[in-house]
Amino acid sequence: MVENAVRPFALGRKNWLFSGSPRGASASAALYSIIETVKSCGHEPYAWLLHLFEQLPLCQSEEDYRRLLPVNIIPGNLPKS
């Protein structure tokens, strides 16, 4: 299962040589990590991102932010994309 999750990164390895800068590469790595975490929690990434961007402006406390983490959302409770 882990090997299959890593496969897209191995296939695109040469593409990441063109991230533009070390900061760009770091940003790409962070985004890919988040998306893979969302997938491993049983969510569709696009639906989770929509939910995240709709709810972020409404957050007022640290607990509000924690509720948006993919591990704290029950699979199937996100709006359909």
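The values are calculated or read from the model by the stated rules, or taken from the named source; none is laboratory data. A quick note: this is a predicted structure, and the numbers were derived from the prediction, not measured. When we count neighbours, we look across all protein chains shown, and the Cβ atoms used for this are built from the backbone with ideal geometry, even at glycine.
Testing Leu58 on (1) in contact with a helix residue (DSSP H, G or I) (Cβ under 8 Å, 6 or more places away or on another chain); (2) more than 15 Å from Asn72 (Cα to Cα); (3) surrounded by 11 or more Cβ atoms within 10 Å (Cβ to Cβ), one condition comes back false. Which one is that?
(3)
How many residues, within region 59-80, are of a type in the set (Ser, Thr, Tyr) and either in contact with a Gly (Cβ under 7 Å, 6 or more places away or on another chain) or assigned to a loop (DSSP other than H, G, I, E, B) (or both)?
Count: 1.
Hey, among the residues in region 1-12 that are exposed (fewer than 10 other Cβ atoms within 10 Å of the Cβ) and assigned to a helix (DSSP H, G or I), which one's modelled with the lowest pLDDT?
This residue is Leu11.
Any idea which residue in region 13-41 is nearest to the chain's Cα centre (by Cα), counting only those that are part of a loop (DSSP other than H, G, I, E, B) and surrounded by 12 or more Cβ atoms within 10 Å (Cβ to Cβ)?
Checking each candidate, the answer is Cys41.
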